[in-house]
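Below is one structure, written out as structure tokens, with a few remarks after it.
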Amino acid sequence: RAAHSSSRAARLVWLLLPELAIGLAARPKLTSAREGGSLAPPPREASPPPCSARDVVVRVFDIGTPGLCKTLSLITQKDVLWFPKMTVSLGGRTWSYDGEVERTVPQIVENAAGGPPLLTLNLGPAELSDGEIDALLDEMGSTDYTPAEYDFFYRNCNHFCTDLADRLPPRGGGGGGP
């Protein structure tokens with residue numbers, strides 16, 4: 001399972017955030033986009049991987065409607081084929097970032113996306129307790145992921161979820177973010 005998650009995690013980084021470095025410090029807010037248009041969305045997986053209660057689970061949805069993709073294509077002067085929305089879940093709790101670090105419900109995001117996630121990545125069990133995770137979320141929400149830091153293109157839910165997943169290392173290992 002670890003090798004499978006690793007290759008899928010590497011693919012996710014390549015699909016969504018190819019120019020970000022991995023580390024425990026918050027990534028700097030981006031100021032420019034990579035060349036070229038968006039890659040095609042990944043195909044929807046047949047069934048998500050099995051998950052235990054303490055596993056860090058990253059879900060990738062496509063919330064891009066034809067109208068949104070067309071508008072984003074006009075704004076960016078690039079072909080936009082989809083618009084990813086990521087969430088991170090652990091222990092029955094799910095988070096994302098839309099101008100503030102927020103707890104959400106996977107079914108709400110599924111409804112907005114018109115269906116289940118395209119990809120579900122099980123990064124393995126987290127070592128942090130719920131209290132430590134709450135403190136981490138408070139710290140992230142008061143520093144790098146404040147309402148003032150939000151940017152539709154350069155500091156959004158995908159950047160937050162990558163950072164959070166990277167800070168919730170699996171037991172016995174270092175950062176294992178998507």
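The values are calculated or read from the model by the stated rules, or taken from the named source; none is laboratory data. None of the values given here were measured: they were computed from a predicted structure. Glycine gets a Cβ as well: all are built from the backbone with ideal geometry, and neighbour counts include every protein chain shown. Ligands, DNA and RNA are excluded from the accessible area calculation, which covers all protein heavy atoms including side chains. Shrake-Rupley method; radii C 1.70, N 1.55, O 1.52, S 1.80 Å.
Values for this structure:
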| item | result |
| --- | --- |
| Sequence of Asp163, Asp151 when ordered by accessible area, the most exposed leading, probe 1.4 angstrom | Asp151, Asp163 |
| Solvent-accessible ranking of Lys85, Lys29, largest area first, probe 1.4 Å | Lys29, Lys85 |
| Gain on full stretching of the segment that runs from Gln77 to Val105 - 0.36 nm per residue minus C-alpha separation | 6.7 nm |
| Debye intensity ratio in log₁₀ form over the Cα atoms of segment 44-178, taken at each q of 0.16 Å⁻¹ | -0.83 |
| Candidate lysines - alpha carbon under 22 Å from Lys29, same-chain residues fewer than 8 apart omitted | Lys78, Lys85 |
| Protein-only accessible surface order, largest first, of Ser47, Ser73 at 1.4 Å | Ser47, Ser73 |
| Per residue accessible area in Å² of segment 51-146, where ligands, DNA and RNA are left out and the probe is 1.4 Å | 45 |
| In Å², nearest 10: area of Arg93 left accessible to a 1.4 Å probe | 30 |
| Protection proxy ranking, peptides 96-107, 117-128, average beta carbon neighbours within 10 Å, highest first | 117-128, 96-107 |
